[in-house]
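In what follows, a single structure is set out as structure tokens and then discussed.
The values are calculated or read from the model by the stated rules, or taken from the named source; none is laboratory data. All of these numbers come straight from a predicted model, not from anything done at the bench. When we count neighbours, we look across all protein chains shown, and the Cβ atoms used for this are built from the backbone with ideal geometry, even at glycine.
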Amino acid sequence: MRLYEHEQDSMSVSDGETSNNSSSSSESDTETTPSETDTTSSETSNCLIDIDFVELPKGPPPKKICLCSLDLTKRQAKIVEEAHMHKKKATAILERIMGCPNTFFVALDVEKDEARGSLRLLQVGLDMVATDESAAAGEGKRQIATTMRVPLQLVALGTEHIVNKWCPTDANAFAHGTPTYSEETEILGLIHKILDCARTTGNGVIVGHTLQSDVGWIEGRAKQLKELGLFSDDIDFSDIPMIDISILDRSLRGSYQSRKLAVIGSDLGVPFIGDPHNAGNDAVHTMECFKKLATQELGVRVYEQLL
């Protein structure tokens, strides 16, 4: 049996209305609509789902099919499918840059002024790790040895006092160095330079947790400030290789639900250092989770080679 769009309304008719309709099949009621007389012709376009029925024992009628739940199931399956595709893309990115000198990864995290409904940035955390010329020696060994690491906590001047449920920790509570206080436009300018470097070398990768949210926020804020004449550049991540550990985690679990950064780290055995929701601390933790996921799940060892 197949369920059609025009049957959805008939399924919601009450029992009383159904009995009335069945008893009033006179000649005066023989007028039909095109959809009723030509079901087979519209079968392909209107069919929502094929359903196989079996002989059921007598008893209470089966529950009605909820089309909303069917749609939700499809959406959930689509999210899982996209997560699997992201995992394949992440693996391809790492395999492409294995053994390449001057490769760099940048873990990105953004804390925003969401409580006030503005696009203003409060903190940007960056954890930059890079290889040097010696990386070519590792070619073919499915490993990427980084020789430099620079974690940064960038705080927009005039916002360091803001603490709310979206940014609950002190901007100074950076566990991996000393915070840097700069104008918001200077922070955006640094991000613009990092993206330009990634395009120039072809070996730069942005890493994050729920990355599209942070990327969209940065692009939107840069556009807003440019329209106000306060920032001169466009920031565009669309052509930059990006790996989102929250999507990788969904793929590995076969789940449509994302998990918090601290939960992912806990499952991977990566301890969180410092206060969460401090952009710099979150960026460092994201990088550590990424290295663990790359090594354990993607088959590419990413590790620090101390010189």
Working carefully through the options 171, 175, find the one that is under 17 Å from residue 278 (Cα atoms) and surrounded by fewer than 16 Cβ atoms within 10 Å (Cβ to Cβ). 175
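If you scan segment 291-304, which residues turn out to be in a helix (DSSP H, G or I) and touching a residue at least 12 places away in the same chain (Cβ under 8 Å)? Let's see the steps before the verdict.
Initially, segment 291-304 is screened for residues in a helix (DSSP H, G or I), giving 291-296.
Scanning segment 291-304 gives 291, 292, 293, 294, 296.
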Per the filter on segment 76-88, residues surrounded by fewer than 16 Cβ atoms within 10 Å (Cβ to Cβ) and either within 17 Å of residue 300 (Cβ to Cβ) or basic (Lys, Arg) (or both) are 78, 88
If the requirement is being crowded, with 20+ Cβ neighbours inside 10 Å and in the same structural domain as residue 104 (by TED's automatic domain parsing), which of these qualifies: 194, 187? 187
Residues of segment 198-207 being surrounded by 14 or more Cβ atoms within 10 Å (Cβ to Cβ) and either among the aromatic types (Phe, Trp, Tyr) or under 24 Å from the mean Cα position of the chain (by Cα) (or both), in sequence order, are 198, 203, 204, 205, 206, 207
For segment 281-290, does any single residue satisfy the condition of being part of a helix (DSSP H, G or I), out of contact with any helix residue (DSSP H, G or I) (no Cβ under 7 Å at 6 or more places or on another chain) and modelled with pLDDT under 95? no
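Would you tally the residues in segment 141-164 being within 17 Å of residue 121 (Cβ to Cβ) and either in contact with a helix residue (DSSP H, G or I) (Cβ under 8 Å, 6 or more places away or on another chain) or crowded, with 17+ Cβ neighbours inside 10 Å (or both)? Quick ask: steps written out before the conclusion?
If we filter segment 141-164 for residues that are within 17 Å of residue 121 (Cβ to Cβ), which is where we start, we get 152-164.
Subsequent filtering for residues that are either in contact with a helix residue (DSSP H, G or I) (Cβ under 8 Å, 6 or more places away or on another chain) or crowded, with 17+ Cβ neighbours inside 10 Å (or both) retains 152-157, 159, 162, 164.
So the count comes out to 9.
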Considering residues of segment 250-268 that are touching a residue at least 60 places away in the same chain (Cβ under 8 Å) and at negative phi only, the residue surrounded by the most Cβ atoms within 10 Å (Cβ to Cβ): 250
